[in-house]
Structures are given as structure tokens and as C-alpha cells.
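In what follows, a single structure is set out as C-alpha cells and then discussed.
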């Protein structure tokens with residue numbers, strides 16, 4: 001009798017641990033790509049000597065974000081070429097890395113390398129800002145999937161065994177490649193606009209191409225699977241001049257409308273059946289579009305548009321508000337229903353050129369905004385600007401990776417180190 005009670009007590013203890021444990025961060029900007037976490041107890045302040053649980057030197061550079069699964073952290077980087085603009089080395093030495101780290105200690109458990117498919121973009125110009133590992137991997141709890149531009153899509157077991165490699169095209173661009181992996185049912189989906197002007201879906205088990213959507217121009221934007229009220233799904237893709245939604249199972253075009261008349265970088269974000277799409281430079285725009293239409297929905301489903309954009313980082317939409325940070329470090333809040341600007345506040349980040357590439361994340365009643373070279377700001381969400389803290393790690397390397405919220409902690413990635421931040 002006592003044994004059965006002990007087993008029952010252990011079961012319920014495990015149930016509550018799982019119920020209240022922080023959710024895994026399994027893809028770029030979290031499991032639903034919203035950049036929002038329900039975790040609590042996150043730190044507000046940190047420095048080189050305060051609230052750093054561990055700091056791990058990485059075997060190469062990179063701008064991708066880490067992801068987490070249980071006691072593991074996965075991350076990509078590159079080595080052999082493209083560190084120093086004055087002495088970049090030889091492209092023939094360029095290698096890509098997929099890493100697994102111990103979540104609690106920060107120790108690297110395995111490091112799988114693969115030679116780059118050459119020639120790739122020469123190291124110079126905008127490549128100096130992010131390099132050759134800018135795509136965040138994704139996991140479904142069974143496998144790990146990474147994208148390295150013209151070097152292809154890679155599928156690994158969680159122990160680092162290569163399952164398959166697939167070609168996504170041979171194109172290159174002076175700005176490099178950056179879109180992150182999207183998983184849907186039994187598919188691995190990548191926006192290969194740079195490599196083949198296409199969005200391509202591969203079979204998770206084999207790497208076989210299942211469908212391809214053509215004519216995707218000037219897009220460094222990660223697609224988004226939107227769940228509608230009736231339980232159906234749409235894959236929304238942001239590209240120059242167009243916003244399109246596809247059936248993620250088949251690649252069939254469902255609807256389309258006008259989009260940003262320029263190149264696009266931020267991925268779409270959604271609040272229920274409304275998707276927010278942004279990008280561009282002189283033709284900067286943010287569109288609010290109601291999903292679920294068919295055919296050309298330009299005149300029927302665009303709710304509003306404004307001449308604003310974060311340009312690089314993705315927004316956060318929460319509680320009827322749309323928050324974003326521009327590449328120059330201006331924090332902005334818009335009314336998500338109308339597009340009306342509530343405030344625009346210069347955060348005063350210093351640095352060369354664009355000061356912000358990382359997307360903000362929202363957790364524990366705080367907005368975390370990481371700059372490339374001048375630390376991080378912690379802001380209070382709401383209709384009025386309020387800064388809670390300004391934090392610096394004393395690390396002169398470049399922080400392009402979007403923060404990760406995992407198990408009540410923050411993971412921050414620079415191009416040289418991975419940090420775990422906790423109180």
C-alpha cells in the first residue's frame with residue numbers, strides 16, 4: 001500500500017514539475033515563433049560578474065540563436081574563414097558547426113562539422129556583420145535540423161549523427177543567407193530565396209523534396225505557420241512586393257496581397273488570425289493582414305499599413321500592442337488594431353552602423369532588447385516608455401543572436417561566447 005502511494009506521489013510530483021517547468025525554446029523566437037515566454041523569475045540585471053551562471057567559448061563565429069530541448073542546447077557557428085576582415089583566410093577552409101551543449105553546465109557535448117559548399121560569398125561588406133552561420137536550427141524533440149545556405153539543409157539525431165543532407169540551391173548574395181528552419185508535421189521548410197528563389201519543404205525522415213513554391217524574390221525572412229480559429233494552418237511568407245500564404249502541407253498558394261516594395265528581413269508575427277508583416281528601407285512598411293482569404297486579398301484583408309519598419313529585428317505582438325526595435329535602436333510601440341504610434345524612443349545604443357539585429361523577446365513582464373555592441377536594455381511593456389535596466393557583459397564581441405528564454409533563465413549569444421544568465 002505504502003509502495004503504491006509512493007509511486008503515486010512520485011508521479012504527481014513529476015507531473016507538476018513538467019507542468020510548471022519552463023517550455024523548451026525549440027526554434028527561432030520560441031516554439032510558436034512569437035518571441036514570448038510564460039517563464040517567470042527571469043533576471044532584470046546582469047554584468048560580467050553578476051548573474052552569469054556560465055560562459056562558454058564557442059569553436060567558431062556566428063549570428064544564429066541557440067535553441068533548447070530539455071537538458072540540451074543546440075547552436076550553429078562557422079570556422080576556418082571570415083573572422084578578421086584584414087586577414088579573412090581562405091574559403092577552402094570554411095567549415096560549418098552544429099553544437100550540442102549541456103544546459104546546466106554549458107559544456108560542449110558534441111561538435112559536428114561539415115565543409116562549406118564553395119564558392120560562397122566573399123567575406124566583406126555586409127558579410128562582416130553576421131558571417132556564415134545566421135540561420136537558427138529547429139528541433140521537434142526527435143531530430144535536429146539546420147540550414148547553411150548553399151551548403152544545404154542538414155538533419156541530425158539528437159546525439160549528433162547525420163541523417164541526411166539536402167540541396168536548397170546554389171545561389172549566393174553579397175548579404176549572405178539568414179532564414180531559419182521551420183518545422184511542420186513531417187516537413188522541414190526553408191526559405192531559400194537567396195539560393196533558389198523558392199520556399200522548399202523536405203521530408204523530415206529522408207530529406208526528399210516534397211514541394212516547392214517558386215518566385216520568392218529578395219527575402220531574408222523566416223516564414224510563419226499561422227493557426228486559424230478553425231484549426232487550419234497557413235504558411236505566410238514575406239518577400240519583396242508580395243505577402244503570400246501557402247498550404248504548409250502541399251505548397252498550394254492560398255492567398256496573396258501587396259507587400260513591402262523592397263527587400264525584407266523580419267519574419268511575420270501573428271496574433272490569432274491577424275499577421276503583421278514588415279521590412280524595407282525607403283519603402284518601409286508594416287502591414288496588418290487578416291488571414292483566411294483566397295486569391296488576391298489586397299483590397300479585402302489588409303487591415304492597415306504604416307510607413308514604419310524595424311528593418312531587421314522581428315516585432316512582438318501582445319495584449320493589443322505591437323512592439324519593435326529598429327536597426328538604429330529606436331524602440332516603438334504601435335496599437336495593433338489601428339497601427340497608431342504610441343511612442344518612439346531612442347535607446348541610445350552606440351556602435352558601428354546598425355546597432356540592433358537581435359529581435360526583442362517578452363517574458364516575466366519584461367522586454368529584453370539586445371544591441372550588437374552596447375549591451376542590453378530591459379523595458380517594461382506598455383503604452384508608455386519605461387526602462388528597467390541597462391546591462392553590459394563587458395564582452396567586445398558582436399551580439400546578433402536573439403535572446404532565448406529557457407527554464408527561467410536567459411541564453412545570450414555573441415559571435416564568440418554563449419552565456420547563461422540567471423539571478
- Message: Taking the criterion of being farther than 26 Å from residue 258 by Cα, crowded, with 18+ Cβ neighbours inside 10 Å and at pLDDT 95 or above, would at least one residue in the range 312-322 satisfy it?
- Response: no
- Query: Could you give every pair whose Cβ atoms fall below 7 Å, whose first residue belongs to the range 66-89 and is on the phi > 0 side of the Ramachandran plot, and whose second residue is in a strand (DSSP E or B), counting only separations of at least 6 or pairs across chains?
  - Reply: 80/95
- Note on the structure: Residue pairs within 7 Å by beta carbon, gap of at least six or interchain, first lying in the range 327-338 and touching a residue at least 40 places away in the same chain (Cβ under 8 Å), second buried (at least 20 other Cβ atoms within 10 Å of the Cβ) and assigned to a strand (DSSP E or B), listed first then second, are 331/325; 331/369; 331/379; 333/323; 334/322; 336/317; 336/322
- Task: For residue 178, indicate whether it is part of a loop (DSSP other than H, G, I, E, B), without any contact (Cβ under 8 Å) to a residue 40 or more places away in the chain and crowded, with 22+ Cβ neighbours inside 10 Å.
- Result: no
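Is it fair to say residue 226 is closer than 25 Å to residue 63 by Cβ, at pLDDT 95 or above and either over 21 Å from the mean Cα position of the chain (by Cα) or surrounded by 17 or more Cβ atoms within 10 Å (Cβ to Cβ) (or both)? First the steps, then the outcome.
Values: closer than 25 Å to residue 63 by Cβ: no; at pLDDT 95 or above: yes; either over 21 Å from the mean Cα position of the chain (by Cα) or surrounded by 17 or more Cβ atoms within 10 Å (Cβ to Cβ) (or both): yes.
The answer is no for residue 226.
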- Query: Which residues, taken from the range 277-293, are out of contact with any helix residue (DSSP H, G or I) (no Cβ under 9 Å at 6 or more places or on another chain), outside any strand (DSSP E or B) and modelled with pLDDT of 95 or more?
  - Reply: 280, 284
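In this structure, does residue 279 turn out to be surrounded by fewer than 17 Cβ atoms within 10 Å (Cβ to Cβ), in contact with a strand residue (DSSP E or B) (Cβ under 8 Å, 6 or more places away or on another chain) and under 23 Å from residue 193 (Cα atoms)? Steps first, please.
Working: surrounded by fewer than 17 Cβ atoms within 10 Å (Cβ to Cβ): no; in contact with a strand residue (DSSP E or B) (Cβ under 8 Å, 6 or more places away or on another chain): yes; under 23 Å from residue 193 (Cα atoms): yes.
So residue 279 fails the test.
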- Task: Check 260, 236 and return the single one that is modelled with pLDDT of 95 or more, under 29 Å from residue 326 (Cβ atoms) and not in a strand (DSSP E or B).
- Result: 260
- Residues that are over 14 Å from the mean Cα position of the chain (by Cα), buried (at least 24 other Cβ atoms within 10 Å of the Cβ) and not in a strand (DSSP E or B), drawn from the range 132-151: 132, 148, 149, 151
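Residue under question is residue 68, and the condition is that it be within 22 Å of the chain's Cα centre (by Cα) and either assigned to a strand (DSSP E or B) or at pLDDT below 95 (or both); does it hold? Step through it out loud before you land on a result.
Numbers: within 22 Å of the chain's Cα centre (by Cα): yes; either assigned to a strand (DSSP E or B) or at pLDDT below 95 (or both): yes.
Against the criterion (within 22 Å of the chain's Cα centre (by Cα) and either assigned to a strand (DSSP E or B) or at pLDDT below 95 (or both)), residue 68 qualifies.
Tally the residues that are buried (at least 20 other Cβ atoms within 10 Å of the Cβ) and either out of contact with any helix residue (DSSP H, G or I) (no Cβ under 6 Å at 6 or more places or on another chain) or closer than 21 Å to residue 178 by Cα (or both), restricting the search to the range 257-276. Give the steps one after another, and end with the answer.
Within the range 257-276, the subset buried (at least 20 other Cβ atoms within 10 Å of the Cβ) is 257, 259-260, 263-270, 275-276.
Filter again for either out of contact with any helix residue (DSSP H, G or I) (no Cβ under 6 Å at 6 or more places or on another chain) or closer than 21 Å to residue 178 by Cα (or both), leaving 259-260, 263-270, 275-276.
Number satisfying all stated conditions: 12.
Determine whether residue 231 is in contact (Cβ under 8 Å) with a residue 24 or more places away in the chain and either touching a helix residue (DSSP H, G or I) at 6+ places or on another chain (Cβ under 7 Å) or assigned to a loop (DSSP other than H, G, I, E, B) (or both). Spell out the reasoning first.
Working: in contact (Cβ under 8 Å) with a residue 24 or more places away in the chain: no; either touching a helix residue (DSSP H, G or I) at 6+ places or on another chain (Cβ under 7 Å) or assigned to a loop (DSSP other than H, G, I, E, B) (or both): yes.
Here the answer is no, as residue 231 does not meet what is asked.
Just the residues that are under 24 Å from residue 32 (Cα atoms) and surrounded by fewer than 19 Cβ atoms within 10 Å (Cβ to Cβ), please, taken from the range 353-365.
Step one: of the range 353-365, the residues under 24 Å from residue 32 (Cα atoms) are 356-365.
Hits for the range 353-365 are 364, 365.
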- Note on the structure: Per the filter on the range 111-133, residues on the phi > 0 side of the Ramachandran plot and in contact with a strand residue (DSSP E or B) (Cβ under 7 Å, 6 or more places away or on another chain) are 131
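Here is a yes/no grid of residues against (1) at pLDDT 95 or above; (2) closer than 24 Å to residue 24 by Cα; (3) under 23 Å from the mean Cα position of the chain (by Cα):
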| site | (1), (2), (3) |
| --- | --- |
| 87 | no, no, no |
| 91 | yes, no, no |
| 94 | yes, no, no |
| 98 | yes, yes, yes |
| 101 | yes, yes, yes |
| 106 | yes, yes, yes |
| 115 | yes, no, no |
| 118 | yes, no, no |
| 121 | yes, no, yes |
- Query: Does residue 297 satisfy being free of Cβ contacts under 8 Å to residues at least 60 places away in the same chain and surrounded by fewer than 22 Cβ atoms within 10 Å (Cβ to Cβ)?
  - Reply: yes
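The values are calculated or read from the model by the stated rules, or taken from the named source; none is laboratory data. Model, not experiment: these values are computed from the prediction. Cβ: placed from backbone, ideal geometry, glycine included. Neighbour counts: every protein chain shown.
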